[in-house]
Ligand code: 13P
């Protein structure tokens, strides 16, 4: 695949936000997604909203934010990929830094989750990212590329797996890395993907996530090897999310 031929992909991650009333945001988001034909858009919602969201906005891919690695079993409180697919999820995030931290998920866990999601027919957004201390110590690229090497399934391909680079210190803080640092990291991720999966790496999308908003999206999405965004806070309302979709269309 020629460089530059990757379609931009903007995914929202509502995290633990959203009640039934929030579904009114979906219609304008779906309309913007339908209108911007050059951009793929998805929303990863709390599990409780997935079925209703998939019904309410059938053209908008709705995803989950995690899945369990087992098909079923004695895992109180967990949800399997097949269960998510059954209620209308088309994708799931795995390996978000909040889960790596709050649930102590390891790279091996995340790899198993990605494999389980793929087996259930879901696409996967696989997250990676360094802490501020790791960046300050000059270890950011080594840590992120190691996360990918250890958590990406061996048979990963661009038609079902997307990488999301989210520097932990930029999540929810309003701080965004220099575009030169984003370019350096995304370039390093692309090189690591080439080591791992060969030419397929050139088709795989690498999203940036961390305080992306309508004001900075155009600049971030123009950076080399940035193929879209994984958006937290600014995906919660159509007012804030639609401008990011439009910026991605403009950068396509
Ligand atoms: P914010 O856009 O709120 O910084 O969150 C980013 C993120 O963690 C998306 O997964």
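Every number in this text was worked out from the coordinates using simple rules, so none of it is lab data. Computed from a predicted model, the values in this text were never measured in an experiment. Note: ideal-geometry Cβ built from the backbone for every residue, glycine included; neighbour counts use all protein chains shown.
Here are a few things to note about the model shown:
- Relative contact order (%) - criterion: Cα under 8 Å, at least six apart; region: the chain: 23 percent
- Judged by the mean number of other Cβ atoms found within 10 Å, the most tightly packed of the peptides 93-101, 157-165 leads the ranking 93-101, 157-165.
- In terms of its C-alpha gyration tensor, the chain comes out rounded, because the ratio a/c of the largest to the smallest axis stays below 1.5.
- Shape category assigned to segment 115-252 from the gyration tensor of Cα positions, a/c cut at 1.5: oblate
- At full extension, residue 71 and residue 19 could sit 16.0 nm farther apart than now, given 0.36 nm per residue minus the alpha carbon distance.
- Contact order relative to length of segment 103-252, as percent, for alpha carbon pairs under 8 angstrom and 6 or more apart: 21 percent
- If the chain linking residue 154 and residue 56 were pulled fully straight, counting 0.36 nm for each residue of separation and taking away their Cα-Cα distance, it would gain 31.7 nm.
- Sorted peptide list for 186-192, 17-23, 86-92, criterion being average Cβ within 10 angstrom, highest first: 86-92, 186-192, 17-23
- The order of the peptides 208-219, 50-61 by mean Cβ neighbours within 10 Å, most packed first, is 208-219, 50-61.
- Distance (nanometres) between label positions extended 7 Å along Cα→Cβ at residue 103 and residue 195: 2.8 nm
- Rounded if a/c under 1.5, otherwise prolate or oblate - segment 33-140, Cα gyration tensor axes: oblate
- Estimated from helices alone, the mean residue ellipticity of the chain at 222 nm is -11500 deg cm²/dmol (sum of -39500 (n - 2.57) over DSSP H runs with n ≥ 4, per residue).
- Relative contact order [Cα under 8 Å, 6+ residues apart], segment 1-102, whole percent: 25 percent
- Length added when fully stretched, residue 252-residue 178, from 0.36 nm per residue minus Cα-Cα: 24.5 nm
- Span from the segment 104-174 Cα centroid across to the segment 175-247 one, whole angstrom: 14 Å
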